[in-house]
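First comes the structure, then the notes that go with it.
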Amino acid sequence: MSKISNLEDYRTPTPNTKNSKVTNTRKYKDVREREYLTSSEIERISKAAKSIGRHNHRDSTIIMIAFHHALRVSELVNLKWSQVDLSQGLIHVNRLKNGVASVHPLSGQNIRALRKLKRDYPEKWGQSTEKWGHRKVGSE
């Protein structure tokens, strides 16, 4: 009988027992302080995107628009010029994942960037003819 009583000392407590105490647990907020980028971080990322690559202005503008209007990647790449009203300074966003379509005002900085982008990409600005950095092969 002494062996059985000693085994009870080593049993794993279950959540329903009074003596159960879970140790060494960390709350999610202790592990990660925040789940978002700050405005200054976005500004630095946008400047970095503007300084490199062939599509530097497009990439910088996409980063800015995505941040200012909290767009998902799929919402961003599905934007069309018909959803952007530069004269009124508005962008019509079709939200995905049970979101509600809405109209967002554009800042002066966004309007200027989008005007330049429209000159450079008159068709669809969220996509290019390239994928993953490689030129798309086709019958050109």
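Throughout, read-outs are computed from the coordinates displayed, never taken from laboratory work. On a predicted model such as this, the values are computed, not experimentally measured, just so you know.
Here the 3J(HN,Hα) profile of the stretch 58-75, calculated from phi with Karplus coefficients 6.51, -1.76 and 1.60 at θ = phi - 60°, is 4, 4, 4, 5, 4, 4, 4, 5, 4, 5, 5, 10, 6, 8, 6, 4, 5, 5 Hz, Gly and Pro shown as x. Potential lengthening of the chain between Asp85 and Arg119 amounts to 10.8 nm, from the contour at 0.36 nm per residue minus the alpha-carbon distance. Divided by 2.2 N^0.38 Å, where N counts the residues, the Cα radius of gyration of the stretch 39-120 comes to 1.06.
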